[in-house]
Amino acid sequence: MRPAAGGWRITLLSLLLLSPWPGFAVAQTVESDSASEARREPAPAERATEKESPDAREARKKSADAAAERADLSTRERERDSTPARAEEAKPQPGVAPERQREAEPTPESGREPESEPEPSREPESKPATEANPEPQSQREPKPEAEPESSAELPESSAADSAAAETPQEPEQKPEQEPEPARPPMRRGGSLLGRAAPPPPPAPPARQTQAAEQAPEPKAQNYEAGEMLLVSADMAAAQAAARQLQAYQLRVKSRQRLANLGLVVSVFRLPAGSSAPELVARLRTELSDLQLDTNQRYRALNARRRYAHRLIAWPEPLGSCDRDFRIGMLDTAVADRHPALANTALERRNFARGEAAPAVHGTAVASLLIGEPGSPAPGLLPGSRLFAAEVFRQRGDIADTTADTLLDALDWLAGRDVQVVNLSLGGERNRVFELALERLLERDIQLVAAAGNGGPDAPPVFPAAQPGVIAVTAVDALERLYPDANRGDYIDLAAPGVDIWAADGEARGRYHTGTSFAAPFVTAALLLAQQRDVDLTRAVKDLGADGRDDRFGWGLVQVAAGCR
């Protein structure tokens, strides 16, 4: 039993007190140093129990110590010779895992564990002083062998061995982290780390829907882009037509029953990028039984003295013709608090979709019809009832309306049993709008429309050019044709329309010019003529060429008799 280093060791050898052999004694040996154990002589009791002689045991011990010294010296020499190679192998080699490098290291014959491998800091302690100089030479000798000149002098096997030894030495100059960039960079969530910045993506193409609905429209486009109108006799026919139009990718945007007109109007949304006129033309050929058209736009035809009443021989004094007529009008908003209209029988209803146009044009037309006598703008028929359908919206600098809005307003007017409708507006022909107007004419509701302010070469303006509608052009105080008035065989009558005094949108009045302001004079004259059963086209002052012409129509309207 070996004691701990530097401790006391107490060796108690005794014979059993109950031993049958007498004469045995208890021997106790106490030593103060464990190093004295080798020099200690065996106790008498121990020698008595040993089977071999002391000399033989001592000889065997010396022989074992000598063998151990030789094995230790041999191990040190092998470690010294393999120190350069171990130093090279101890370095990390690219592509070889540390576990495999340790497996390739030679294991000492003595069976020592890896801890006993020589460390650089402990090598000087384990090497004799006389061997310190040869070791640096052995470390420098492999370097000349790696040069190309010396490798040519070696045998093929030696050159191959040296080349194999050179291969792992190449990465020695690189840090341990340098093999990292050789791996492909990790890309998580589209990261740009480790890659060049991608080129900017191409600009997305402009949406066709935006081009069709939001792009600036050409001046010649006088209809609602991306829309089409359909009128049907009843709801069942409207639904059946909608099913037919689904094959053309048309979807219903809105549908309304116009009970007074006996119609159902449907607004369809066109596919993106479709041309409304082209699609309408195609549908008229393929589905000829349907009454459809574009959603046409119409504008107020306005363009200023109190000569107008005298020019048409209106009864004096102005405002004395107090008759209870029922008049309808499609126009802008009307300022019903204006002094000329505040105490009149005015009924308004707004049909404009979006921001309403300013109440200037409509207020002027309303004051010409029913303006209060003694006001800044007295009217022709102050005692009549006026139903003002406000249909114009404001889009930037443009005030306009649409066909579906007009149909809605006409249906309302038909329900008010109006006798005449004043249409101081104009645009292109629209079959849906035309059909609605035909329904009013069938009910003996007279229609008076402005002929247009497009000039001599302008095409016909609708609804003035529609058969059954009375188209009115404008003249000045000298009975000269308004220079910007339209021409054409659809012109029926002429009336004052240049520098006409009427209410403005605020509190007083101003001069207005245009065929829009000529139409109210014919509207009022028509009601008086109907009351007396007079053909208004025969009670005229012929202007221009004899008979009807494309500038003045039948001529300047005249009131045949006073108001009674």
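What to note about this one:
- Yes/no for V365 being closer than 23 Å to L407 by Cβ, part of a loop (DSSP other than H, G, I, E, B) and open to solvent by less than 10 Å² (accessible area, probe 1.4 Å): no
Matching residues to (1) of a type in the set (S, T, Y); (2) within 15 Å of V432 (Cβ to Cβ):
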site: Y223; (1), (2): yes, yes
site: E227; (1), (2): no, yes
site: S232; (1), (2): yes, yes
site: M235; (1), (2): no, no
site: A241; (1), (2): no, yes
site: L245; (1), (2): no, yes
site: Q249; (1), (2): no, no
site: S254; (1), (2): yes, yes
site: A259; (1), (2): no, no
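- Single unsatisfied condition, A240 versus (1) assigned to a helix (DSSP H, G or I); (2) more than 17 Å from S288 (Cα to Cα): (2)
- Subset of segment 422-445 [outside any helix (DSSP H, G or I) and touching a Phe, Trp or Tyr at 6+ places or on another chain (Cβ under 9 Å)]: L423, S424, L425, G426, G427, E428, R429, N430
- Within the span defined as segment 383-395, every residue fails to be of a type in the set (A, V, I, L, M, F, W, C) and either at pLDDT below 95 or part of a helix (DSSP H, G or I) (or both).
- Restricting attention to segment 321-355, the residues being open to solvent by 80 Å² or more (accessible area, probe 1.4 Å) and outside any loop (DSSP other than H, G, I, E, B) number 3.
- Where a residue in segment 345-365 is more than 11 Å from D331 (Cβ to Cβ) and its partner, wherever it lies, is hydrophobic (A, V, I, L, M, F, W, C) and open to solvent by 40 Å² or more (accessible area, probe 1.4 Å), with Cβ under 8 Å and at least six apart: N350/A356
- Test: residue in segment 320-339 that is in contact with a Gly (Cβ under 6 Å, 6 or more places away or on another chain), modelled with pLDDT of 95 or more and among the acidic types (D, E): yes
- Scanning segment 399-445 for residues that are among the acidic types (D, E), within 22 Å of L230 (Cβ to Cβ) and surrounded by fewer than 19 Cβ atoms within 10 Å (Cβ to Cβ) turns up E438, E442.
- Failed item in (1) at pLDDT below 90; (2) closer than 21 Å to G426 by Cα, with A561 passing the rest: (2)
The values are calculated or read from the model by the stated rules, or taken from the named source; none is laboratory data. Keep in mind that this is a model prediction, so the values were computed, not measured. When we count neighbours, we look across all protein chains shown, and the Cβ atoms used for this are built from the backbone with ideal geometry, even at glycine. Ligands, DNA and RNA are excluded from the accessible area calculation, which covers all protein heavy atoms including side chains. Shrake-Rupley method; radii C 1.70, N 1.55, O 1.52, S 1.80 Å.
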